[in-house]
Amino acid sequence: MNLRQWFDLTFGARAHQEALEWAGKVFTFGEIDARSNRMARALEARGLAKGDRLCVYLANSIEMIDIYIACVKLGVIFVPINILYRDREMSHILSDAEPKLLITEKEIPALLEEAAKLSGDKLPDSGLTGNDVAALVYTSGTTGVSKGAMLTHNNFAVNAQNLIEAWRIVPQDRFLLAPPLFHVHALGNGLHCWLLSGCRMRLLERFDHNTAVEQFLDFKPSLFFGVPAMYVRLLETPAAQAREIGKRMRLFVCGSAPLPAQILEEFRALFGHTILERYGMTETIMNVSNPYDGERRPGSIGLPLPNVRIKIIKPDGAPANDGETGELWLQGSNVFAGYWKRPEATEAAFVDGWFKTGDIGVRASDGYFTLSGRKSDLIISGGFNIYPREIEEFLMEQPEIAEAAVAGEADRVRGEIPVAYIVWREGAKHDAAALEARCREKLASFKIPRRFEAIEKLPRNALGKVQKHLLCPAS
Ligand code: MLC
């Protein structure tokens, strides 16, 4: 089955049911269906056809949802771009994905005008199968160059079915969605759980910690998906309000970065709920989850989701026994179809059909998995992935810099923040403010080093590799 067939089950059965709250307005599933049909016709009129790529550079909005569903219906491959990216980061994706169209905020009024003139009637079937690619979601590799993970219709459908079952999502749920739709957290989990379960969703343009509590009190959700940084912010909620929110909630889910056990405990004391932590990644959407019933173990990611097979491989290549640490390798219908136009990178990511996650962890004898680190020096800040290599390459292009290394440092709200260690060229002016300003022009805000520390030389091992743990003992 392709995703459109899945979506049609909800659109058919729940046409008159209230589906989406956006910007103070409520839309039924029938209206969502018709809006996306009109949007699909407008995209067709702009020359888009099955297999073409469409890039969107948009904040969360109903139009982003219209466009996504329209792409699914047409068989167009949806390519979301992080709204925080600057030209340098975006142009790589545009040249790699070769989209027929890029939609930014300024295209929206014209597109809506074109769509309004077109019919919202059912579109002909595009003849897609579950194995066709629905989206390319860009994710960086250790090389610092981001690659498009090809996620199929089946990947999204299987993932949503898994989560709906595991987290007991029902049409009666009131779901508050705040993470950005350009990542698989909100796109893969949020949007698809909403559409496949037929629940009611309020979409926020973004999680704003100044207004988040108001949103909870006003919408009275039963279900919320967040990253640890959002839960840290929610700890600032006054106790009476937290209790009121907690009374109406059924489930708080957390992922995209490790949730410190301390935050889980503080949140439980304040809201009366044990956050359910789960583990996923762009290439696989969701893999492992703490159980709905049963122990939600602090610091653990829980048990494999249905049909996800995991083995742990030790550095010597041998499979680990329970209690032994190694790299998590995965198989399952949730695993992506490879990297767009990068057969070598795809080949390097798999061994005998097992996807190498790069995450290091351990399985306890009762089946619970716990992650302890990563093979690469990836930094996760507020749930956004940062590959130090990309920032280092940019810094090394600056004339006053001889050498640079970027490492993560522990941060209470964001989990980690990037810090740059700079070896200035002899005679160069040590102007960190000017350097930061140049970073701001070229890099997404979450990648900008929070500090630029001058050092005499980078600590290297005998092979010349920078020993980042010596730079940043706090992380
Ligand atoms: C953050 N900023 C945004 C933004 N999110 N700007 C526009 N839209 C957004 N969605 C910018 C702010 O402008 C600001 O820039 C900086 O980020 C911090 O904002 P803040 O409001 O002070 O931050 P904070 O309260 O700490 O909250 C940040 C956050 C954000 C939690 C809202 O980090 C976030 O949305 N994270 C979610 C990331 C996510 O969904 N990852 C999933 C990846 S998929 P400046 O210039 O002032 O610094 C994946 C797989 C899986 O990993 O398993 O899920």
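The values are calculated or read from the model by the stated rules, or taken from the named source; none is laboratory data. Treat the numbers as computed from the prediction; the structure is a model and nothing was measured. No Cβ is skipped: glycine too gets one built from the backbone with ideal geometry, and neighbour counts run over all protein chains shown. Surface areas here come from the heavy atoms of the whole protein model, side chains and all, with no ligands, DNA or RNA. Shrake-Rupley method; radii C 1.70, N 1.55, O 1.52, S 1.80 Å.
Here are the numbers for the structure shown:
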item	result
Every pair of residues 6+ apart whose Cβ atoms lie under 6 Å, when the first sits in segment 349-362 and is at positive phi while the second is assigned to a strand (DSSP E or B) and open to solvent by 40 Å² or more (accessible area, probe 1.4 Å)	Gly358/Arg374
Every residue from segment 192-229 that is touching a Cys at 6+ places or on another chain (Cβ under 8 Å), over 17 Å from Ile83 (Cβ atoms) and near the ligand (Cβ under 8 Å from one of its atoms)	Gly226
Segment 433-475, residues that are in contact with a Leu (Cβ under 7 Å, 6 or more places away or on another chain) and surrounded by fewer than 18 Cβ atoms within 10 Å (Cβ to Cβ)	Ser445, Pro459
Matching residues, segment 370-395, being of a type outside the set (Ser, Thr, Tyr), touching a strand residue (DSSP E or B) at 6+ places or on another chain (Cβ under 6 Å) and away from the ligand (no atom under 14 Å from the Cβ)	Gly373, Lys375, Pro388, Ile391, Glu392, Leu395
Near pairs, Cβ below 8 angstrom, 6+ apart or cross-chain, from segment 207-233 (more than 19 Å from Ala410 (Cα to Cα)) to any residue that is open to solvent by 50 Å² or more (accessible area, probe 1.4 Å) and within 9 Å of the ligand (Cβ to nearest atom)	Phe207/Arg233; His209/Arg233; Ala212/Arg233
Failed item in (1) touching a His at 6+ places or on another chain (Cβ under 9 Å); (2) free of Cβ contacts under 8 Å to residues at least 40 places away in the same chain, with Arg309 passing the rest	(1)
Residue among Ala462, Ala404, Ala428 that alone is touching an Asp or Glu at 6+ places or on another chain (Cβ under 6 Å) and assigned to a loop (DSSP other than H, G, I, E, B)	Ala428
Residue in segment 275-290 that is touching a strand residue (DSSP E or B) at 6+ places or on another chain (Cβ under 7 Å) and more than 20 Å from Val184 (Cα to Cα) present	no
Filtered residues of segment 407-432 (kept if within 16 Å of the ligand (Cβ to nearest atom) and open to solvent by less than 70 Å² (accessible area, probe 1.4 Å))	Gly408, Glu409, Ala410, Asp411, Val413, Gly415, Glu416, Ile417, Pro418, Val419, Ala420
Pairs where the first residue, in segment 161-187, is under 22 Å from Phe384 (Cα atoms) and the second is open to solvent by 10 Å² or more (accessible area, probe 1.4 Å) and polar (S, T, N, Q), C-beta under 6 Å, 6+ apart	Val184/Thr282; His185/Ser256
Residues located in segment 351-376, provided they are assigned to a loop (DSSP other than H, G, I, E, B) and open to solvent by 70 Å² or more (accessible area, probe 1.4 Å)	Asp352, Ser365, Asp366, Lys375
Cross-chain or 6+ apart pairs with Cβ under 8 Å, segment 251-263 first and within 15 Å of Asn290 (Cα to Cα) and open to solvent by less than 10 Å² (accessible area, probe 1.4 Å), then polar (S, T, N, Q) and more than 9 Å from the ligand (Cβ to nearest atom)	Leu251/Ser222
Selection count where residues are open to solvent by 10 Å² or more (accessible area, probe 1.4 Å) and more than 15 Å from the ligand (Cβ to nearest atom), scope segment 230-244	6
Boolean, Glu324 is surrounded by fewer than 20 Cβ atoms within 10 Å (Cβ to Cβ) and in a loop (DSSP other than H, G, I, E, B)	yes
Qualifying helices (runs of 4 or more DSSP H) (wholly inside segment 222-318; at least 1 residues being under 30 Å from Phe350 (Cα atoms))	228-234
